[in-house]
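**Student:** The structure follows.
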Amino acid sequence: MNTRSLKLVALYIVLTAGAVIMVFPIIWTLVSSFKTPAEIMRIPPTFLPQQFTLRNFEQLFETLPFGRYYVNSLIVAITTTLLVLFTSSLGGYLFDKYNFLGKNLFFILILANLMVPFEVLLVPLFRISHSFGLVGNYGGLIIPFLVSPFGLYLMKQFCHEVPNDLIEAARIDGSSEFGTFFRIMLPLMKPALSALSIFTFMGNWNSYLWPLVVINSTLMRTLPVGLAAMQSDFGTRYGLIMAGSTLSIWPVVLLFLVIQRQFIESLALTGLKG
Amino acid sequence: MRKLLGLFMVISLLLAGSIGAYAEQITLHMWGHSNAFFEQANRDIIAAYEALNPNVKIIYETFPYDTFLQKSLTSFSVGEQPDILEMSGRLIMSYAKNGLVEPVPAELMTTEEMEEAFFEGAIGGYKHNGVYYAMPRESNFEYGGILANMEILRSVGVETLPTTWDELIEAAKKATIKRGNLISRHGFYLGGGDATVYYLLAFILQNGGEYWNEDQTAVNFTTPEAKKALQEIVNLTAAHQVMARETTAPTDIFVQQRAAMVAIGSWAISFVKSEYPELEIAYFPTPSVTDADPNYASQSGWGLVVSKDTPHQDVAWDFVKFATSTEQARHFLKTTMNIPPNKALMSDPELLEVNPYLEVPFKMMPYGRPLGDLRNAQQFVRIIMDAVDAAALGQISIDQALQNIEAEINQMIAEADGR
Amino acid sequence: MYRMPTLKRRIKSWGFTPFVAISLVILLMPLFVFSFWPIVEGFILSFFRGSSVLRPVDEFVKLRNYKDMLSDRIFRTAIVNTFKFSLMVLPMNILLSLPIALGLNTITRFREALRSAYFLPAVTSVVAVSIVWIYLYNPHVGLINTVVEVLGLMPQAWLSDPKWALFSIAVMWVWRDLGYNVVVFLAGLQGIPTYFYEAARIDGANGFQLFRYITVPLLRPVMQFVVIMTAISSFKVFDPIQVMTSGGPMRATTNLVFYVYEHAFEYLKMNQAAAASVVLFGIILLITLLQLFHFRTQWEY
């Protein structure tokens with residue numbers, strides 16, 4: 001073996017070791033969800049369940065309308081992601097490739113939203129959403145988050161990498177401004193859109209405080225809110241928490257890995273054709 | 001003719017009945033905290049109430065305790081609060097002072113009737129300007145009981161449960177296991193927010209001291225009695241080294257079998273018994289730290305409140321009265337294993353049969369009294385916790401810790417009273 | 001008749017073409033309603049005192065809320081902790097995520113799988129993993145002390161020792177947040193056209209030179225994003241603190257957001273909470289502007 005491939009082997013070893021450390025707590029959650037409460041607490045801790053049980057999952061399904069929670073979460077996360085992908089790429093393009101009066105001020109204003117912790121915004125945001133009739137429905141979970149300052153900023157930074165010549169060329173070819181955005185920019189931002197779609201989807205999937213506050217009825221709850229109701233105030237029911245987070249993470253991770261690439265490809269493709 | 005008249009009467013009665021029922025159909029909303037036992041009991045009580053009052057429908061929803069604060073406050077901010085709230089004793093006074101909840105109407109129960117029906121310790125924390133703002137569901141019992149792991153105690157040669165403070169410390173020392181600078185098994189664990197605070201206050205009383213001034217407008221923690229009390233708590237970690245503070249909940253420490261004895265309310269027993277049936281447990285009264293009686297001050301526990309500005313307040317209160325009546329309270333307490341607030345249920349044989357551990361609180365309750373008007377219970381507990389932690393870790397002296405507590409609580413009181 | 005064309009021309013000269021105008025409306029309208037207005041409301045609240053939590057604008061008290069706060073020992077601790085936390089998280093995160101992304105960009109096989117592995121913690125619910133980490137940090141049964149002992153170091157009471165508590169939460173936060181930056185860096189690296197590297201290699205550049213003269217300058221916009229976003233998120237961390245330590249022991253993990261939460265929802269003191277969040281906002285704004293400025297001046301080279 002030459003030094004180059006040796007280096008490559010070393011790189012793989014280091015990267016894999018790092019990945020194992022990253023994934024360990026989550027794998028541990030997964031295997032623990034098949035243990036009895038007593039085994040989870042056992043000293044010394046066991047890794048693989050010695051007494052395999054589905055009790056935790058049964059208990060979850062007995063008490064919670066899980067299917068409904070999944071559907072609620074999926075509807076909200078998918079809709080929000082699609083909308084955020086659009087507004088973010090549009091905003092990113094606008095703030096990077098255009099010049100207009102007050103651009104920097106507008107940009108700082110948009111970022112300002114990120115600078116206030118959500119806990120602070122909770123009460124005023126709730127009042128405003130209520131006056132728009134957005135309490136207790138899907139709209140309340142989606143509309144306040146139409147524009148993501150994080151996504152917009154991310155896309156702006158990625159637009160920066162797209163050479164201006166390409167846009168000029170399109171303009172000379174007689175493409176409209178919207179046309180340039182859809183046909184030239186969107187396809188070029190594929191890697192960034194892929195990243196952003198994961199971020200937005202996952203962020204939304206795990207979103208907890210706002211859905212809890214804005215939804216009252218048990219049936220309209222999203223997955224994290226439904227799961228949190230399993231926490232009791234006088235002792236941590238580790239078994240249920242492990243099973244619950246397993247159920248909320250794994251199906252969606254697998255689903256996402258499978259559809260994500262096609263999803264981004266098709267998004268870019270429609271951009272190219274349109 | 002008579003037949004016709006009869007038919008007419010039947011029809012009109014039916015009509016009137018259905019119209020009447022339709023007109024009076026009332027829907028109430030009730031929010032509680034997530035807790036399997038509470039939820040079960042509440043659903044039963046609601047079903048019983050609805051059966052007696054067919055025109056009333058109660059929609060009951062629960063939310064995790066940690067986020068209950070955010071949930072309820074946001075709903076109040078837009079006037080969408082539920083009619084009835086199941087609320088922790090820590091919050092009720094703050095909500096009453098902010099004008100969010102209704103006082104118990106005299107037509108339902110006068111102040112005298114309240115005091116007649118319920119223990120002083122259970123409702124003391126609901127009282128503001130001589131009026132009560134909630135009906136109690138339980139007696140809070142943060143000081144007063146110790147949960148023991150009998151297997152651990154026997155394994156270190158402790159056969160009988162301690163009856164004096166010295167015996168407790170002695171047994172705890174035997175059961176403690178150290179590992180370097182850490183403690184891997186606590187002999188006697190006192191921690192987890194509330195418990196430490198209530199033990200400190202109880203120790204002050206048992207030493208013959210008092211933390212309030214005469215009219216409860218200021219606290220006094222720089223007394224020799226308070227110094228002895230705090231010293232005793234610091235000793236657990238410093239001199240005796242039978243415990244070290246953890247962030248894990250005391251119940252979790254206990255079920256992990258990392259503590260021989262844990263200071264805990266009897267409510268924890270239902271959780272331990274149902275989730276970890278294999279543990280051999282005992283529950284015994286906390287011995288007094290001095291020769292005096294085991295006097296203690298207690299916070300009011302979970303209660304039911306009715307929100308301001310909701311329609312159907314009369315019906316809401318009617319339900320609350322029903323839910324806290326002796327019979328329904330008994331069912332609630334049997335399910336949740338809590339301690340009765342109703343004097344009528346003191347040493348109730350039915351309750352004792354379901355939950356024999358109740359003997360301990362029943363034995364202790366004569367020594368209890370209400371904490372007093374804390375103004376802001378959350379902040380009160382926070383201030384004491386911070387100072388006790390700092391003293392226990394040796395970061396500040398005992399005197400300094402007590403001075404901090406006194407100054408900060410008095411500032412809080414002055415602010416709350418608008419002085 | 002005469003004025004309209006000039007106005008139109010002027011608007012155009014300000015850069016507001018129809019595309020720009022329409023896009024700005026689409027983007028700013030929801031933000032104005034759902035984010036600027038709540039922020040402005042908080043700002044107003046901070047100069048008032050209320051008779052009740054529901055009527056927080058009864059009395060105009062000027063700067064009293066701010067003055068009270070400055071004399072509050074816990075507020076000062078919260079400010080120090082907020083900065084300390086960022087100074088722990090930011091370097092740890094960048095110094096780990098950039099090399100990982102560079103490594104992932106070098107390899108071809110298993111890249112997707114490894115990238116997913118690094119991102120996996122970021123898809124978990126913070127509340128659930130915080131509970132898992134409490135267990136990992138447990139001084140007696142926790143895995144972390146086991147590893148620490150194997151390495152021959154002193155086991156610690158990570159979360160209940162005020163010396164270690166904030167750092168312990170910082171490590172957990174880096175673990176959870178790292179994946180975002182790995183993915184962003186990797187997307188940035190993949191966006192660099194390969195012909196730049198090919199051209200440079202033909203000119204005889206070595207690996208380090210490629211990194212220094214192509215990767216670093218072209219990655220600058222992404223770097224700016226990562227630094228600013230990681231800083232902001234570290235200033236705003238709340239969930240793990242609430243779940244793992246509730247701001248303790250001895251206030252060692254009370255940051256500004258926790259301080260705000262405590263005042264707003266536990267003590268029902270909305271005005272003081274608003275004042276504290278205005279301070280937090282000011283700090284984050286200042287630091288973001290400094291970073292934007294810093295990165296901009298670097299671009300001039």
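**Student:** Taking chain A as a Gaussian network, where each spring joins two C-alpha atoms under 10 Å apart, which residue of A:Thr222, A:Thr200, A:Thr63 fluctuates the most?
**Tutor:** Evaluated over chain A, the most mobile residue of the options is A:Thr63.
**Student:** Taking H as built 1.01 Å from N, whose amide H comes closer than 5 Å to the amide H of B:Ile59, not counting residues under 5 places away?
**Tutor:** Excluding prolines and chain starts, which carry no amide H, the hits are B:Leu28, B:His29, B:Met30.
**Student:** Turning to a different aspect of this structure: Select from chain A the helices, each a whole stretch of DSSP H, whose alpha-carbon atoms run 27 Å or more along the helix axis and whose Kyte-Doolittle mean is at least 1.0; answer none if there are none. Can you show the working numbers first?
**Tutor:** Details: long enough: A:3-32 (42 Å, 1.73); A:66-97 (45 Å, 0.90); A:238-273 (51 Å, 1.23).
Counting only whole DSSP H runs, the qualifying helices are A:3-32, A:238-273.
**Student:** For A:Lys97, go through the aspartates and glutamates and keep the ones whose alpha-carbon is under 14 Å away, minus same-chain ones fewer than eight residues off.
**Tutor:** A:Glu161, A:Asp165, A:Glu168, A:Glu177
**Student:** At a threshold of 8 angstrom on Cα-Cα distance, excluding pairs fewer than six apart, so keeping six or more, what relative contact order does chain B reach in percent? Walk me through the intermediate numbers first.
**Tutor:** On the way: 708 pairs, mean separation 103.0, N = 419.
That works out to 25 percent.
**Student:** Using a 10 Å cut-off on Cβ atoms, rank the peptides B:269-280, C:141-152, C:235-246 from the highest mean neighbour count down.
**Tutor:** Numbers: B:269-280: 16.4, C:141-152: 14.3, C:235-246: 21.2.
Packing order, densest peptide first, comes out as C:235-246, B:269-280, C:141-152.
**Student:** Can you give the mean number of other chain Cβ atoms that lie within 10 Å of the Cβ atoms in peptide C:244-254? Don't skip to the end; give the middle numbers.
**Tutor:** Values: counts 1, 1, 5, 3, 7, 10, 12, 5, 1, 1, 1.
Counting other chains' Cβ atoms within 10 Å and averaging over C:244-254 gives 4.
**Student:** Separate question: Based on the Cα coordinates of the protein assembly as shown, what is the per residue volume of their convex hull in Å³?
**Tutor:** 234
**Student:** Can you tell me the Rg and Dmax of the range C:18-144, counting just the alpha carbons, in angstroms?
**Tutor:** Cα radius of gyration and Dmax of the range C:18-144 are 23.2, 66 Å respectively.
**Student:** In addition: To check you understand DSSP bridge types, tell me what percent of the beta bridges within chain B (both residues inside) are antiparallel, rounded to 5.
**Tutor:** Details: 24 of 40 bridges.
If I count the DSSP bridges inside chain B, around 60 percent turn out antiparallel.
**Student:** Further question on the same structure: From the backbone phi of the range C:86-101, what are the Karplus-calculated ³J(HN,Hα) couplings (6.51 cos²θ - 1.76 cosθ + 1.60, θ = phi - 60°) in whole Hz, Gly and Pro given as x?
**Tutor:** Working through the residues one at a time gives 5, 5, 7, 6, 4, x, 4, 5, 5, 5, 9, 6, 5, x, 4, 5 Hz.
**Student:** How many Cβ atoms of partner chains, on average, are near each residue of C:257-264 if near means within 10 Å of its Cβ? Each step should come with its number before you reach the end.
**Tutor:** Working: counts 5, 2, 0, 4, 6, 4, 1, 7.
Across the residues of C:257-264, the mean count of other-chain Cβ atoms within 10 Å is 4.
**Student:** Please report the antiparallel percentage of DSSP beta bridges with both residues in the protein assembly as shown, rounded to the nearest 5.
**Tutor:** Working: 28 of 44 bridges.
Antiparallel bridges: around 65 percent, rounded to the nearest 5.
**Student:** Amide H of B:Ala259 versus every other amide H placed in the peptide plane: which residues, excluding those fewer than 5 positions away on the same chain, fall under 5 Å?
**Tutor:** B:His186
**Student:** Okay, next question. Any idea what diffusion coefficient the range B:213-350 gets from Stokes-Einstein, in µm²/s, Kirkwood Rh on alpha carbon pairs, 37 °C, 0.692 mPa s?
**Tutor:** Values: Rh = 19.3 Å.
Once the numbers are plugged in, D ends up at 170 µm²/s.
**Student:** Taking the inverse of the average 1/r across all pairs of different Cα atoms in the range A:68-194, what Kirkwood radius in Å do you get? List each step's numbers first, then the result.
**Tutor:** Working: mean 1/r = 0.0609 Å⁻¹.
In the range A:68-194 this quantity evaluates to 16.4 Å.
**Student:** Counting other C-beta atoms within 10 Å, which of C:Phe36, A:Phe126 has the fewest, and how do the rest follow? Working shown, then result.
**Tutor:** Details: C:Phe36 15, A:Phe126 25.
Ordered by Cβ neighbours within 10 Å, fewest first: C:Phe36, A:Phe126.
**Student:** Cα atoms only, chain B: Rg and Dmax in Å?
**Tutor:** My reading of the Cα-based Rg and Dmax gives 24.2, 100 Å.
**Student:** Using Cα centres only, tell me the gap between the range B:361-419 and the range B:149-219 in whole Å.
**Tutor:** What the calculation gives is 18 Å, centre to centre.
**Student:** OK, next. Take every Cα pair under 8 Å in the range A:67-229 that's 6+ residues apart, average their separations, divide by the length, and report that relative contact order as a whole percent.
**Tutor:** Working: 159 pairs, mean separation 69.2, N = 163.
About 42 percent, as a whole number.
**Student:** Residue-wise, which Karplus ³J(HN,Hα) couplings in Hz belong to the range C:272-278, taking 6.51 cos²θ - 1.76 cosθ + 1.60, θ = phi - 60°, and x for glycine or proline?
**Tutor:** 5, 4, 5, 4, 5, 6, 5
**Student:** Please list the non-local residues whose amide H lies under 5 Å from the amide H of B:Phe118, H modeled 1.01 Å from N, same-chain partners needing a gap of 5 or more.
**Tutor:** Those lying under 5 Å, H to H, from B:Phe118 are B:Lys343.
**Student:** Would you kindly compute the Cα radius of gyration of the range C:63-299 and its largest Cα-Cα separation (Dmax), both in Å?
**Tutor:** Values for the range C:63-299 (Cα only, Rg and Dmax): 20.8, 67 Å.
**Student:** Related question: Hey, what did chain C get for relative contact order, percent, Cα under 8 Å, at least 6 apart?
**Tutor:** Values: 299 pairs, mean separation 78.6, N = 301.
After rounding, I find 26 percent.
**Student:** Distances over 30 Å make up what percent of all Cα-Cα pairs in chain A?
**Tutor:** Values: 17760 of 37401 pairs.
So the pairs more than 30 Å apart make up 47 percent of the total in chain A.
**Student:** Averaged over its residues, how many other protein chain Cβ atoms are within 10 Å of peptide A:32-42's Cβ atoms? Spell out each step's value before the answer.
**Tutor:** Working: counts 2, 0, 0, 0, 3, 4, 8, 0, 3, 11, 3.
Counting other chains' Cβ atoms within 10 Å and averaging over A:32-42 gives 3.
**Student:** Using a Gaussian network model of chain C whose springs link C-alpha atoms within less than 10 Å, name the residue from C:Ala273, C:Ala170, C:Ala187 with the highest mean-square fluctuation.
**Tutor:** C:Ala187
**Student:** Here is the link list: B:Lys57/B:Lys308; C:Lys67/C:Lys236; B:Lys321/B:Lys363; A:Lys35/A:Lys190; B:Lys173/B:Lys343; B:Lys173/B:Lys227. Which ones come out longer than 31 Å on Cα distance? If you can, show how the numbers build up before the last one.
**Tutor:** Values: B:Lys57/B:Lys308 20 Å; C:Lys67/C:Lys236 23 Å; B:Lys321/B:Lys363 27 Å; A:Lys35/A:Lys190 42 Å; B:Lys173/B:Lys343 38 Å; B:Lys173/B:Lys227 23 Å.
Distance filter (> 31 Å) returns A:Lys35/A:Lys190; B:Lys173/B:Lys343.
**Student:** Ok, one more. Order of B:Trp31, C:Trp37, B:Trp302 from fewest to most other C-beta atoms within 10 Å? Present the calculation step by step, with values, prior to reporting the outcome.
**Tutor:** On the way: B:Trp31 22, C:Trp37 16, B:Trp302 25.
Listed from fewest to most nearby Cβ atoms, that is C:Trp37, B:Trp31, B:Trp302.
**Student:** Right, next: Report the semi-axes of the equivalent ellipsoid for the range C:105-244 in whole Å, largest first, where each axis is √(5λ) for an eigenvalue λ of the Cα gyration tensor.
**Tutor:** Equivalent ellipsoid semi-axes, largest first: 37, 17, 14 Å.
**Student:** Ok, one more. What list of ³J(HN,Hα) values in whole Hz, one per residue of the range C:197-212 in order, does the Karplus curve 6.51 cos²θ - 1.76 cosθ + 1.60 (θ = phi - 60°) give from phi, with Gly and Pro shown as x?
**Tutor:** Result, ordered by residue: 5, 4, 4, 5, 5, 4, 6, x, 6, 8, x, 5, 5, 4, 5, 5 Hz.
Laboratory data are not the source of any read-out in this text; all were calculated from the coordinates shown. None of the values given here were measured: they were computed from a predicted structure. Neighbour counts run over all protein chains shown; Cβ positions are idealised from the backbone, glycine included.
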